Amino acid sequence: MNIQPLEQGNLSARAYVALREGLIAGQFRPGQRLVMQDLADQLGTSVTPVREACLRLVSERGLELRSGRFVTVPALTLARYMEVRTIRLSLEGLAAGLAAQNATRDDIEKLTAIQKVFEKADRASDPELSFRYNRDFHFTVYRLSGMEMLVAHIESLWVSMGPMLTVFYKEGGHKYVGAAEHLTVIEGLREKNSQKARAAMEQDLILGGEDFLRFLQGHEGFVAP
């Protein structure tokens, strides 16, 4: 777990963003117990803003409240995953389609560079970098939609996925790279073809989800040792 100390400002909001980002990025594992005082020490603040941030994430089902002192990262069930995937197909496909109308040449060059380092990390069997650059690719596309609320909803879905996806990448269940679909997304953006970009993103989620679905079926309810 590697979360950075907070800058001054609205500490509750900043703690929320830091913890939410940690969940999305897979810095926490399913079932991991997070003691609020320990989190406060790492963030360099008092426990009050951390407690407020944790309660907000509990309300969003990103964390589970176990006592007044600690929360846990939920295990991902098969039913929960199927629900999340169904919603992701709609929202992330929509975001990719909108991105095709907004992407500039510089945006496309940036995405191409991210894809290259993602594939390099995958060939090197580096699960942490593979996970990071795959995520960077997706959210770079989604932010090009120009819709902050849409991106926020997608991030909320990734909060549920991040911890288990990290386990998936690290334990070798990951086989699908998604190079063809990612490149087709880029083509759709370059051609300003919303339908092509959306279909490629949806296909990426479906094909990439097949390995994860099989992995989850063998690890349902997995919690960190």
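The values are calculated or read from the model by the stated rules, or taken from the named source; none is laboratory data. As the structure is a computational prediction, the values presented were derived from the model and not from experiment. Neighbour counts are summed over all protein chains in view; Cβ atoms, including those assigned to glycine, are modelled from backbone coordinates with ideal geometry.
Residues in the range 115-131 that are at pLDDT 90 or above and under 16 Å from the mean Cα position of the chain (by Cα): PHE118 only.
Got a sec? Which of GLY44, GLY68, GLY62, GLY31 is at pLDDT below 95, within 30 Å of GLY146 (Cα to Cα) and not assigned by TED's automatic domain parsing to the domain that holds GLU148? Unique residue meeting the criteria: GLY62.
Go over the candidates LEU91, LEU76 one by one and state the one that is surrounded by 13 or more Cβ atoms within 10 Å (Cβ to Cβ), within 23 Å of ALA200 (Cα to Cα) and not aromatic (Phe, Trp, Tyr).
Every option except LEU91 fails the conditions.
Residues considered: ARG61, ARG29, ARG56. Of these, the only one that is within 30 Å of ASP211 (Cβ to Cβ), touching a residue at least 40 places away in the same chain (Cβ under 8 Å) and surrounded by 15 or more Cβ atoms within 10 Å (Cβ to Cβ) is ARG29. Of the residues making up the range 121-154, those that are outside any helix (DSSP H, G or I) and closer than 27 Å to GLN101 by Cβ are LEU144, SER145, GLY146, MET147.
A residue that is under 15 Å from the mean Cα position of the chain (by Cα) and either of a type in the set (Val, Ile, Thr) or more than 30 Å from GLN37 (Cβ to Cβ) (or both) cannot be found anywhere in the range 101-109.
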